[in-house]
Structure formats: C-alpha cells, structure tokens
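J.: Sharing a structure, written as structure tokens. Questions coming.
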Amino acid sequence: MKNIINDANIPKKQRAAEMSRAKSIVNIIKEPVVVVDKDGSIIEANSEFYSTFQLQRNNDFEFGLKNIPLFQELNQVLENKQRGKHGITDLNISLELPNEGKKNFLINAGLLDPQGNSLDFILISFNEVDVKPVGKRNEKNDLENFHDIFSQAPAMICILRGPEHIFELANDNYFQLVGNREILGKTVREALPEIENQGFFEMLDNVYNSGETFTGSELPIKLYVGKQELKNSFLDFVYQPILDASNEVDGIFVHAVDVTEKVMARKKLEESENELRKLVDTVPAIIWITRPDGQNHYLNKNWFEYTGQIESESKDFGWLKAVHPDDEKRIRETFTKANNNQEDFTISFRLRNWEGTYRWVLDSGSPNYSAEGEYEGMIGTVVDVHEEKVKEQLIKEKEHRIRSVIKEADVATALYTGREMTIEIANDAMIELWGKDHSVVGKTLREALPELEGQPFHDLLQEVYETGETYWGKEDPVDLMIDGKLQTGYFNFTYKVLRNEKGGIYGILNMAVDVTEMVKSRELLKESESRFKQLADLLPEKVANIDAHGNFVYFNQGWLDYTGLTAEELIEKGWMNYIHPHEKEDYFKNWQDSLKSGKEFEMEFRYLNKKNKYKWHLSRAEAVKDENGKIQMWICTATEIQKIKLEEKRKEDFLKMVSHELKTPITSIKGYVQLLLSLLKKEKEGEISGKPYEMYLERVDHQINRLTRLISEMLDLSRIEKNKLDLQKETFSLNSLIAETVQDINYTNTGHNIYITGDYECDVYGDKDRIGQVLINLVTNAIKYSPLNPDIEVRINKANESKVSVSVKDAGIGIGKESQKKIFKRFYRVDGNNEETYSGFGIGLYLANEIIQRHSGSLRVKSEMGKGSVFTFTLLEALED
Ligand code: ADP
C-alpha cells in the first residue's frame, strides 16, 4: 500500500513517462487498482478493476472517477480527506456493485511515488472484505473483540510489538504454523531462530521503520514444526504497520495464508508440464494442443522444425498457413467438427515443410479433459506419412487401373483375394462364362461355384498362392453348372498372383478364354481326319495331303506300300525324286501353276516303286478352300495306269500291225493281178500261150484267204468285246474236222509236215467252224514259230471221262515262262520276236481261248524256250444218243 504524499511540482514533460510507469505497475497487481490524477481522471486501471466493477474502459472512464456513480461516496471521501503523509489506509467502504449488490471493500490510496519526485498520480486499491478490518491499537476497548475475531480467522494472524517485534498476539493457525511453540512475549528472533537469514527480520524492520505495508506472495519459509523437523512452507502475507495515536508505527500486523499446497501443486504441475514438454519435444512426431475454442495452444518444437514456422506465425489458426490450400477447407471442417463434438478425428493432408515442399501427413486428435472432467481442447499428433501415402496412392491408382481394366476387358477376368479366394471382382464376361450372376462377387470361389469341388482348381489356386508361380491352363476341361446342368467346357486360362507394395501375395488374377468350340470342332476334325485317313488307307489309290504352301503332310498306306518308305522318309527324301526324269520338269511346271492359281492339277507320269521300277500313274490334286476361297490344303491322288498304258501301247502296236498285215497280201494280190493282166495282154497279142494262170490265181486266192481270215478275226474280236460271238452248235466228228483242217493247211503249206496221231475218235457238240478256226490258228502258229523244224504233230486223246483233248506240238522257238501267262491276252505278242519274221497281231490265241472257253473247255500251253511248244485244248465229248 502506498502512502499519499503532498503535491509536488513536477514538470509536465515527465507525465508521459509516469503514465507508462503507472501502467506497468497496475498490471502486476492482483487486486482491483486504479490510478487517477489529482482531478480524479483515470490514468490506468488493471483488468481486475474492470471485471470487479463491471466497467468498460472507454465508456465509463471518459469523465473520470467522479463521474462514475459507483464511486460517488468514495470520491467524496477522497475529496474531504486531508491528504496526509500516509494517504488513505484501510478505509472500509461499501460499494453497490451491479447485479451483486453491496460489498465491503478496504480502500487504500497513496501517491504513486512516495519520494515526491513524481507527478501526483494516486493509486487506489480495492480489497474486498467480509469482516470488519482490525482496529487500531489505541482503541483498547475493541482489543478482546479483535482477538476473538482473528483467532477464528482462516488465515494465520499475529501482532508484533515494538522494534524488537515481540509476539503480542497470535491465532491458532499461527501457532500451528510455528509448531505450537511458546512464542508470546518473545521477540521473533528468540521465538523463531530458524528464520534468521530467510529475510523476514529485515522485512519486518523495514515495515516498522518505513511505515509501509509489505505484501509477500508465495514466499518460502522454513520453520520447525517439531524439535528437529524443519518444514518448508509457502506463504502469502501482509506486514501491515500499526500506528499509535500519534500516527507513529509501534507494531506490525501479520496476516499470512499458507499456500504451500497450492505452490507445491503448481510447481509439480509446472515440473511435470516441463517434463512433458521435454518429452514431447523428443518425440519424433509433431504434437499439438488446442484450446476449447480451437485456437492453437501449444505446438512442440518438431512443428517449428518441420514447417520452418516461428512461434508467432503458428498462433491461433496461423498453423493452417502451412497446410496445402486445397486441403485447408477440409481440415478446418474436420477439426472444427471434432472440436465441437469433442470427438476423435484422423485426417491426412499436405503440409508444407521448411523447404517449401508439400508432404502428406497424418493428423490425429483426441479431446482432452481436465481432472475435473472439463473440456480443455484437443491434443494430437502429426506424422509424416508421405512415402506411405504416395505408395498407397500408387497402389490405389494401380488397383483402380486393374479394376477398370478387368471391368472393361473382353477376356473373362476375375480377381480373388486371400487364401479363401474371395471373388473381389469378376467382369461380365467371367460371370457369363461361369453361368452365374453378379451376386457371386464377395463370395468365396467355393461358395460361388460349388461344382468346382472335386475338380483340380482349388488345389491349383492354393499352389499358385503358395509358390507365386503362374499357372497356364491349356484347353483344360472345367465342369460348370450352367442353366441347371453340369456342362463341360474347355478353357485356356491363367492363375497369376497379385502382390502388394511389399511384395506379399494378396490375391490371384484369373483370366480365361472359352475354347470349347475350338476343342470340340478340332476333336470332330480329328475324328473325321482319322476317318479320312482310315478311308484313304483302305483305298488302293495313293492319296496324299499337301498344305497350302505345297508341303506334303500326309501320305496314305497306298503310298507307303508302293514306295516301301515311311511317311517321314517320303517327306524327308522328297517324293518328287521318285518321278521319272522325263516327266519331272513338266510336273514341276504344272504343279507350280496350280499352287499359284489354285487350279486343279492333272498329269500322267511315272513313279519309281520299291522294286525300282517306274509305273505310270494318273496324278490329280484338288485344292480344298475355305468359305473365302482361301486354299486350306490340297488332296492328291495317284492312280496306277500302267496296265491301261500298256494296253494303249498294244493297241497302237496292233494298228501298226494291222496296217502292215493288210498291206502285205494286198500288195501281193496287186502284183499277181498285174502279172496276170500283162500275161493276158501278151496272149491276146499272140506273143505267148499256155501261161500258168492257174498258179497265179491260186496265189491270189491264198492271199485273199489270208485277208479274209484277218478280217474275220478282227470281226470276231469286236464281237467278243461286244459279247456278240454267236455259236452255231451241232454234233460233229472231231477226228474228221482235224483231218480236213490239216489237209487244207497242207494244201497251202508245203514246207512243214503235219502228223495226226492218236487213235481216239469222238464226236463233240459245238460250233464246227469256230473249233476249226482254233485248230487252224494253233497249227499255223506252230508253222510260223518253228521255221527250222518242219514236224508238227496234231494229237487227239481222251482227256477224262467226259472230255477229249487235242494237242498241237511243234519244235519251234518256244515261249518263255512269263510270256506263257500273257499270250492268251489280246494284242499280246512275245517281246523280242522279230515282227518281220513272225507277222501277226496277237489276237489269234485270244480268240482261240475265248472260243474254247465258250465250249466249256480249256486251252493250255507247255513250252520251253528253243525247244518248242505244245498247245492243248479240251472239249466236252458229245453225249451219245
Ligand atoms: P500272232 O498273230 O502274233 O501269232 P497269236 O495270238 O496267235 O498272235 O500268238 C500270240 C503270240 O504267241 C505270238 O506272237 C507268239 O509270240 C506266241 N506264239 C504263239 N504260238 C506259238 C508257237 N507255237 N511257238 C512259239 N510262239 C508262239
């Protein structure tokens, strides 16, 4: 408390300095205080003053203290009171507070500067009191009363007298403070020796000497509470001088409050707060605390290190300036909501670091309550999660991409996660393939496709999940329940693992292509191909398959049998090497033409067989085309035409011979006729007579017979070919026919001796002329082919029960074994026989054989080269009547 000093004449230039001093003083005082000048105008007041009297700084103080109705009475007192040396001390006055009614205050007033060098600013303090203030010492009547009051007071109170500070009075609380020692009547030094050097004696002396009240706040004091036990206490106390009647100090009123607990608690709190802060600062995270109104209360040093902000920048909501502008609104809303609802929140946003780079952080906050359960704001942490976030985003993007790719894919695709293979995604194509609907998504594969039980797929999936190795299914059969029926489909598919950012397997991607139709049609094709091959192998023809590029891919059994090679050997050695060199060039040319144009290929050429002999073949190749006309393959056949070819050759030879055979007798006839004509002319002219016309005419006749035979043989041939050889059958003597025929031949043929041997005689039933023709044929052949040995034997024999045999035997050139089988075929003539020497056209024996066969007989030959031949025919004997 200040003493009021008389006016001093202080120069006005000091006023400003004094005003600021006044300000700094009032703001550190706890009680309501106000500084006025001598006119009562307000210079300064502390916030306690405003709040206690519920005043507004500007409005209520404009006209000074005296204008405020509340202080009317006080003003009066101030004006009336003689401003003495000690100013106003503990003036008890009751003030009417708005809303609260009357309250008692102890008013103290004094000059701001008791040394008198200052402007006369007066400081007025207001202490609210419940009890009446203590009276003065000279008011003896009140003393007992006073003792009663203060002994009950909650504070520690004592009165010290004289410059030695002798305890005159102390209340119970005070006794307790000093450990109930006997202190009354003793000086402080005697009573409380332990406080020597704790500054109290000096303070007491100072108050006593100066007459100024001393107020101590939370001052530490060590006192014995037992004999040995020193106790630390903290006291708030007032040393107030007590004035005697002559206004001289003669004692000190001590009023103390033990605030040890409060101080200790605060210190502890401060300590623990410091500890906490230290701790909080060492945590590698940013820690923040906000007030209930959401304003920033505390940020640990990590925040400032991270963001590069300084403390003043992050005040209130300043920390939001470090947040990415795009995230600010979101975080403000999230935070405000959590703060209002007093609930937890977590949010990630981009925070600018000291380098100016935005990085993703994760901010989590929780409501913070005091021990009393009062909401104190939020507390939370901010952690840099940039790397994780970026990765997460990448994964999210990747996953999003995967998902959209899967959804859009034409290929049936599904994604299974976890060991239990939960269907995470399945695109429309996959769902259709399964024959299911979208409800399968979210189920496990086992639930969604129970029909897979017992099929290998669950095991395969597990294996892929374990090993990470992709499985490629190729045309694997899968039984699926489609439209209520278990149906087998064939699929090309993959099971491929999906890995998370750490490389761990978390699922399997399944892509599948339905190849059922392909497999089925290929099976059909295989079947038909194998049927085709079977068929082709059965064919006597040679069949081969050539691909669109001209490569042989298949040879049937016919080819293998013919060449004696395997299909592989044929392909490897190049089958075209088996073509006769004469036809090779043409073959290549024609075949290339066909390959280019797709035109049918047809050609005759010779192939070498396994016996190294060339045989004629008719080779044909036709292209098999698809619906667009594109060549798929060629089917080639080769038919052996060796016999036809030979037949043709024989026909050619035959024609050559026929013309030769016809020409020879005609030339001869023409010669004789000319000779006869010239003879006749000469005879007419009388030059000659008795010329041998008969002989020449006989020669002509012979040639004509030959011609006739030739022509009739040819006629017979054509008849036989047309199956129109009529037989005029009758019973006749075979012996007679043989005799007549031999006679006829002998008649024209004088160079050979024909003997008829055998004594069997019989009749036969048949065409006498034709059987005669057979005999003529055999005998004339015997003559023709035995130019050196003239003997010919015709023998008639009993062959068996019913048959007679006739043999014609010569000792001529003979016939080789091979040729013996062929001589009965038309146009066949033994190779090597000189055509000029042995004229003929190879139909005599053919006709003879045909005629005998039509008589139910047979014609055979026995022959040896160079030794001669025996031709024997048999005939049925005519039955006797
Ligand atoms: P050709 O008019 O050529 O005699 P054939 O049909 O009568 O016709 O005879 C066929 C072939 O049989 C003759 O070309 C000949 O080579 C052979 N041949 C027929 N008879 C005899 C024979 N007695 N001795 C040897 N070769 C014969």
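What follows is calculated from the coordinates using simple rules that are stated; it is not laboratory data. On a predicted model such as this, the values are computed, not experimentally measured, just so you know. Neighbour counts run over all protein chains shown; Cβ positions are idealised from the backbone, glycine included.
J.: Restricting to Cα atoms and excluding each atom paired with itself, what does the Kirkwood estimate give for the range 354-496 in Å? Please report the intermediate quantities before stating the final value.
T.: Details: mean 1/r = 0.0526 Å⁻¹.
So the Kirkwood estimate lands at 19.0 Å.
J.: Which value in deg cm²/dmol, rounded to the nearest 500, describes the helix-derived mean residue ellipticity at 222 nm for the chain, given -39,500 (n - 2.57) per DSSP H run of n ≥ 4 and division by the residue count?
T.: -12000 deg cm²/dmol
J.: State the Cα centre-to-centre distance between the range 745-804 and the range 188-258 in whole Å.
T.: If you average the Cα positions of each part, the centres end up 187 Å apart.
J.: If you don't mind, another one. Do any of 396/496; 301/398; 784/817; 798/867; 656/768; 584/610 go past 29 Å between their Cα atoms, and which?
T.: Numbers: 396/496 19 Å; 301/398 38 Å; 784/817 20 Å; 798/867 25 Å; 656/768 32 Å; 584/610 19 Å.
Exceeds cut-off: 301/398; 656/768.
J.: Hey, how many Å between the Cα centroid of the range 491-517 and the Cα centroid of the range 408-439?
T.: 11 Å
J.: Evaluate Rg over Rh across the range 283-384, taking Cα atoms for both radii and Kirkwood's formula for Rh. It would help to have the intermediate numbers written out before the result.
T.: Numbers: Rg = 12.9 Å, Rh = 13.5 Å.
Answer for the range 283-384: 0.95.
J.: For the range 581-683, what does the relative contact order come out to in percent, with C-alpha contacts under 8 Å and a separation of six or more?
T.: Rounded, it is 15 percent for the range 581-683.
J.: What are the residues whose amide H is under 5 Å from the amide H of residue 231, where those residues sit 5 or more places off or on another chain and H is modelled from the backbone?
T.: For residue 231, whose amide H was placed from the backbone, the distant partners under 5 Å are 223, 224, 225.
J.: Taking Cα atoms, how many degrees apart are the long axis of helix 844-854 and the longest axis of the chain, rounded to 10 and kept between 0 and 90?
T.: Approximately 90 degrees, to the nearest ten.
J.: Further question: Only bridges with both residues in the range 411-543 count here: give the DSSP antiparallel percent, nearest 5.
T.: 100 percent
J.: Can you list the HN-Hα couplings for the range 388-396, worked out from phi with the Karplus curve (6.51, -1.76, 1.60; θ = phi - 60°), rounded to whole Hz and with x for Gly and Pro?
T.: 4, 5, 4, 4, 4, 5, 4, 5, 4
J.: Using +1 at the C-beta of Lys and Arg and -1 at the C-beta of Asp and Glu, which of 373, 340, 353 has the Cα lying farthest in the positive direction of the dipole of the range 319-414?
T.: Positive-most Cα among the choices belongs to 353.
J.: Then there is this: Below 13 Å, Cα to Cα, which aspartates and glutamates can residue 542 reach? Residues fewer than 8 away in the same chain don't count.
T.: Straight-line reach from residue 542, under 13 Å: 561, 640.
J.: Where does the range 726-876 land on Rg(C-alpha)/(2.2 N^0.38 Å)?
T.: 0.99
J.: Could you rank the peptides 459-469, 776-786, 519-529 by their average count of other C-beta atoms within 10 Å per residue, with the highest value first? It would help to have the intermediate numbers written out before the result.
T.: On the way: 459-469: 14.0, 776-786: 21.4, 519-529: 12.1.
Result, highest mean first: 776-786, 459-469, 519-529.
J.: Let me ask something else. If each residue's Cβ is checked for other Cβ atoms within 10 Å, how do 514, 363 rank with the fewest at the top?
T.: 514, 363
J.: Sort 551-557, 724-730 by packing, meaning the average of other beta carbons within 10 Å per residue, with the highest value first.
T.: 551-557, 724-730
J.: Evaluate the chain: find the radius of gyration of its Cα atoms, find its Kirkwood radius, and give the ratio Rg to Rh.
T.: Values: Rg = 74.8 Å, Rh = 45.6 Å.
For the chain, the value is 1.64.
J.: Measure nothing fancy, just the Cα-based angle from helix 581-597's long axis to the longest principal axis of the chain, in degrees from 0 to 90, nearest 10.
T.: Approximately 40 degrees, to the nearest 10.
J.: Under the rule a/c < 1.5 gives rounded, and otherwise a/b versus b/c splits prolate from oblate, where does the range 403-463 land using the Cα gyration tensor? Write down the numbers at each step before the final one.
T.: Numbers: a/c = 1.75, a/b = 1.50, b/c = 1.17.
Verdict is prolate for the range 403-463.
J.: Can I ask one more? Relative to the longest principal axis of the chain, what angle (0 to 90°, nearest 10) does the C-alpha long axis of helix 693-721 take?
T.: 30 degrees
J.: Magnitude of the Cβ-charge dipole of the chain, K/R +1 and D/E -1, about the Cα centre, nearest 20 debye?
T.: Values: 114 positive and 145 negative charges, 1121 e Å.
Dipole size: approximately 5380 debye.
J.: Determine the distance separating the Cα centre of the range 313-388 from the Cα centre of the range 606-627; give it in Å without decimals.
T.: 92 Å
J.: Can you list the residues, at least 5 places off or on another chain, whose amide H is less than 5 Å from the amide H of residue 762, using H built in the peptide plane?
T.: For residue 762, whose amide H was placed from the backbone, the distant partners under 5 Å are 734, 735.
J.: Output the peptides 862-870, 620-628 sorted from most to least packed, where packing is the average of other Cβ atoms within 10 Å over each peptide's residues.
T.: 862-870, 620-628
J.: Another one. Put a dot 7 Å past each Cα toward the Cβ at residue 355 and residue 608; how far apart are the dots in nm?
T.: The two pseudo-label positions are separated by 8.4 nm.
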